[in-house]
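These notes are about the structure you will find just below.
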Amino acid sequence: MSFDTPTILMCPPDYYGIEYEINPWMSRSQQSDPEVARQQWESLYQVLNSLNARIELLTPVKGLPDLVFTANAGLIWKERVFLALFRHEARQGETPVDQEWFQDAGFETIEMPDDYFFEGAGDALFCGETLFAGYLIRSDVRAMQWVAEKMNCRVIPLQLVDDFYYHLDTCFCPLSETEAIYYPPAFDEYGQQALKEHVPHLIPVVEKEAQRFACNAVVIGKSVALNTGCPQLEKDLNQLGYETYSTPLDEFIKAGGSAKCLTLRLDGECAAVWP
């Protein structure tokens with residue numbers, strides 16, 4: 001399967017809502033507003049469309065409120081996708097839906113071994129030729145090692161230590177082969193040191209903006225789409241030659257997601273150099 005333009009998978013929020021609690025952001029007593037969520041999703045869609053991204057749509061399914069977070073569907077590698085095996089039963093029904101879409105789109109789907117919990121591009125992100133792998137809270141380190149072995153690439157496991165930053169894409173965002181955004185306190189000491197050693201240019205995010213999901217951004221070339229309320233990061237990115245496009249996504253933060261969570265690059269992230 002080939003792409004001649006950045007291509008992103010999204011899922012309209014028809015059935016999005018807080019139906020269970022599987023991370024600290026979620027509370028059934030603080031429901032999202034369906035109309036506002038739809039408006040915010042549409043705004044992100046329009047931003048990405050204005051950046052010349054082609055948007056493919058996954059059909060929403062009632063009873064799968066988090067299907068909207070397509071980043072977790074799997075890890076794309078060329079014409080293949082390593083499908084998620086979700087840790088929480090509440091999300092496990094998403095995988096057959098995702099698998100059917102990928103197969104219809106022409107991807108070869110690769111299922112994880114039993115009990116190898118793996119939550120797709122939420123926890124597995126390339127920066128250059130290296131696969132950075134978040135583990136412990138959702139994905140297993142052995143699952144990440146299994147995926148990397150199949151791709152014959154170097155993998156650097158990064159232990160996540162703060163339940164509020166339960167996926168790697170909530171605290172780490174590769175911008176290019178040599179640059180990335182990150183929130184240091186989300187990682188253990190080894191993880192912080194590993195990032196410093198293997199990513200030449202790291203941009204730390206302050207706590208207040210990390211809580212606005214500053215690291216959960218979508219990168220298309222030198223353009224970065226992200227949630228509102230991250231002025232320091234936007235300034236830092238502008239100084240590095242990136243253009244920023246902020247759009248409110250607060251209704252999705254209620255479920256622990258933002259711009260990156262709502263998207264899956266089907267052609268590979270800009271920062272990725274696939275083996």
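Points worth noting:
- Relative contact order [Cα under 8 Å, 6+ residues apart], region 162-275, whole percent: 26
- Of Lys78/Lys222; Lys208/Lys235; Lys78/Lys150; Lys208/Lys260; Lys196/Lys260, pairs whose Cα-Cα distance is over 20 Å: Lys78/Lys222; Lys196/Lys260
- Working ranking of peptides 111-123, 209-221 by packing, defined as the average number of other Cβ atoms within 10 Å per residue, highest first, is 209-221, 111-123.
- Across region 17-75, Cα pairs under 8 Å and at least six residues apart give a relative contact order of 27 percent.
- Percent RCO, i.e. relative contact order, over the chain, from Cα pairs under 8 Å lying at least 6 residues apart: 23
- Estimated dipole of region 48-104 in Debye, rounded to 20 [Cβ of Lys and Arg +1, of Asp and Glu -1, Cα centre]: 160
- Placing +1 on the Cβ of every Lys and Arg and -1 on the Cβ of every Asp and Glu, with no other charges, gives the chain a dipole of roughly 360 debye about its Cα centre.
- Extension gain for Arg38 to Val161 (0.36 nm times residue separation, less C-alpha to C-alpha distance): 41.1 nm.
- Directionally averaged projected area (region 125-275, Cα convex hull): 8.0 nm².
- Inter-part distance, region 129-143 to region 202-264, computed on C-alpha centroids, equals 22 Å.
- Restricting the calculation to alpha carbons of the chain gives Rg and Dmax of 16.8, 46 angstrom.
- For the peptides 251-257, 135-141, the ranking by mean Cβ contacts within 10 Å, running from highest to lowest, is 251-257, 135-141.
- When +1 charges are put on Lys and Arg Cβ atoms and -1 charges on Asp and Glu Cβ atoms, the dipole computed for region 85-182 relative to its Cα centre reaches about 280 debye.
- Heavy-atom accessible surface of the chain, averaged per residue, reaches 41 Å², computed with a 1.4 Å probe.
The values are calculated or read from the model by the stated rules, or taken from the named source; none is laboratory data. Note that this is a predicted model, so its numbers are computed, not measured. Heads up, the Cβs are rebuilt from the backbone with ideal geometry, glycines too, and the neighbour counts pull from every protein chain shown. We work out accessible area using only protein heavy atoms, side chains counted, and drop any ligands, DNA or RNA first. Shrake-Rupley method; radii C 1.70, N 1.55, O 1.52, S 1.80 Å.
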